[in-house]
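Derivation of every value follows stated rules applied to the coordinates shown; laboratory data play no part. All values derive from a computational prediction rather than experimental measurement. Neighbour counts are summed over all protein chains in view; Cβ atoms, including those assigned to glycine, are modelled from backbone coordinates with ideal geometry.
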C-alpha cells in the first residue's frame, strides 16, 4: 500500500508541475491571441444578416409554417456565464491546467 501511495503522490506532484508550466506558457503565448480575438468578437463588425425577413415562397408547406430551429433560437440566444477579465479568468485557467496535468499524470502511471 505504501508503494501505491508513493506512486500516486509522485504522479500528482509531476502533474502539478506540468500544470503550472502549461499555465505559464498559456499566459505568455495564448492569452494575448485570445484577447485580440475578443476585440473583433465584441465589435459585432462585418455585415448584418436579416433573419426576420419573410421566407421565399416554397412548394413545401411544412417549411413555411414552422420557423427553422436556428431562426427560433437566434433571437433568444444568451451569452452565458463567463469569468471576469483579469485575475478571475487567469485563476480559473490555471486551476483547469493544474487539474488536467494531475489527471494526465495519474493516467500515465
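In this simple spin-label approximation, residue 107 and residue 4 carry label points 7 Å from Cα along the Cα→Cβ vector, and these lie 2.2 nm apart. Report the label-to-label distance for residue 89 and residue 40 in nanometres (one decimal), using points 7 Å from each Cα along the Cα→Cβ vector. Label at residue 89, label at residue 40, 1.6 nm between them. Look at 89, 5 and count the other Cβ atoms within 10 Å of each Cβ; fewest to most, that gives 5, 89.
Between residue 21 and residue 99, the distance separating the two model label sites (each 7 Å from Cα on the Cα→Cβ line) works out to 2.3 nm.
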